[in-house]
Amino acid sequence: MRKLLSSKMHLRLINVVFVLLLLVAVGLLQWLSLEYDMRFDWTQNARNSLSEASVIAIERLQGPVKVTAFATQRRQLREAIRELFTRYRRHKPDIELEFVDPDSEPQRARQAGVRFDGEVVLSYGNARETLARLDEETITNALVRLGHRGERWLVFLAGHGERSPDRRANFDLSQWSAQLRKRGFKTRELNLPEHPQIPRNTAVLVIAGPRVDLLPGEVKIIEQYINNGGNLLWLADPGSLHGLESLAEMLGIEFQPGVIVDPGSEAITGNATVVVVTRYGTHAVVRNFGNATLFPDAVGISLLEAEGWNRAVLFDTRTSAWSETSALSGAARMDKGEDIIGPLHLALVLTRQRGDREQRVIVVGDGDFLSNTFLGNGVNLELGMSVANWVSQDDDYVNIPVRVNPDRSIALTHTSRVFIGAGFLFVLPLLLAASGTLIWLRRRRL
């Protein structure tokens, strides 16, 4: 009897010690979780962490950033805002986050110009930005704009059927222009016969595929702008240069006759005239690019002799491509001796020193890749932003790509959908019924 009691006491003591040790371990884990903030993001594409581009952008900000979130007492909304800005505070601890309830402080909300629940005001120095939409892309680019308050005007040549930064036709560039404005650029059109002078605050003159001949006086104004050190982005299309032959000669380039055809791209795009580029040069504009860009109805560019210019190729076509000089009908076929064999230059960079600054020119043998129709294909938008940032002398913007959520959908064939549907509707219920019947029969025998 005594031995039994001793055994029970021993077991009880072991249980008590186990509970105490468990409580101590839980307490230690709680203390460690409060003392040390360690997080691990194992999601695909690290979507719960800041991209490298965002980290680089916020580390460039030298002073503190004040974040004022005008959000009601809804817990879910405030937690989402806090979680998003916590990612930024891990890399920039002097980001201060303050919540203001617009219901209890309506005057402060009116002074800030807040209209919707959940709007956020970012303040950096004397500059401020109000954000109605909250995601990494929006916040990072707002911080970039706060750190760079200089005006960057992209002036689009107009009056000759060029692609417009304002119109919404498939041919035009309004979607790209909207993205430019989101990132601190300003855009406008310039009709030289109406205003025969390129504004002095022009960061980049954009020539986007004129379809009507320019007047000699207009060409002279553009050439004078180049001679004075102005930056240029030329988006060319196949066919006539419409009076800009002398500008091409000044830059030491020549546009090849015909349209680029690439049978290797046809397997991907379904059209041999939509050229796919996956390999890029080492220039800063495309240094971090690895995904595909699409160039419909492009024209090849040749380099000629030109004094004073430093030139580099951004990217070429594949060796399977050629410039088709005859009319396209049916299956494309290369004619030796007539067509120009690839690889062909698709985009060039030209630079030269003008005093204490570098003059920059980018020539692309296609304008469709930035059009409203094709801007969302591949990394066309990222390339367009990188081109605009570099040619406007703002290298800090080049490596801040648009954040794209990973594709988490599953594309199933018709056969796969039939098998899965039949499995859930018929096979799985039959298996459950059969297993239940077997268990019932076995118990009945017992």
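The values are calculated or read from the model by the stated rules, or taken from the named source; none is laboratory data. These figures come from a predicted structure and were not determined experimentally. Neighbour counts are summed over all protein chains in view; Cβ atoms, including those assigned to glycine, are modelled from backbone coordinates with ideal geometry.
If you go through region 174-213 and keep only what is without any contact (Cβ under 8 Å) to a residue 24 or more places away in the chain and under 21 Å from the mean Cα position of the chain (by Cα), you end up with Ser177, Ala178, Arg181. Screening Tyr88 with (1) outside the structural domain of Glu137 (by TED's automatic domain parsing); (2) of a type in the set (Phe, Trp, Tyr); (3) at pLDDT 80 or above gives one miss only, at (1).
I need the strands (runs of 3 or more DSSP E) fully contained in region 261-343, keeping only those with at least 2 residues that are touching a residue at least 24 places away in the same chain (Cβ under 8 Å) and either over 30 Å from Ala53 (Cβ atoms) or over 25 Å from the mean Cα position of the chain (by Cα) (or both).
In region 261-343, 301-303, 310-316, 322-324 are the strands (runs of 3 or more DSSP E) which contain 2 or more residues that are touching a residue at least 24 places away in the same chain (Cβ under 8 Å) and either over 30 Å from Ala53 (Cβ atoms) or over 25 Å from the mean Cα position of the chain (by Cα) (or both).
One residue is enough: does region 94-104 have a residue meeting the conditions acidic (Asp, Glu), touching a Pro at 6+ places or on another chain (Cβ under 8 Å) and over 30 Å from Arg287 (Cβ atoms)? Yes, some residue in region 94-104 is acidic (Asp, Glu), touching a Pro at 6+ places or on another chain (Cβ under 8 Å) and over 30 Å from Arg287 (Cβ atoms).
Among the residues of region 361-396, those identified as surrounded by fewer than 21 Cβ atoms within 10 Å (Cβ to Cβ), in contact with a helix residue (DSSP H, G or I) (Cβ under 8 Å, 6 or more places away or on another chain) and more than 19 Å from Gln175 (Cα to Cα) are Asp395, Asp396. For region 196-218, filtering for residues that are more than 21 Å from Asp394 (Cα to Cα) and in a loop (DSSP other than H, G, I, E, B) leaves 9.
On inspection, Arg333 does not qualify as buried (at least 17 other Cβ atoms within 10 Å of the Cβ), assigned by TED's automatic domain parsing to the domain that holds Ile207, of a type in the set (Lys, Arg) and more than 23 Å from Pro165 (Cβ to Cβ).
Inside region 297-326, can you point out the residues that are out of contact with any Leu (no Cβ under 8 Å at 6 or more places or on another chain), within 15 Å of Ser265 (Cβ to Cβ) and surrounded by 21 or more Cβ atoms within 10 Å (Cβ to Cβ)?
Glu324
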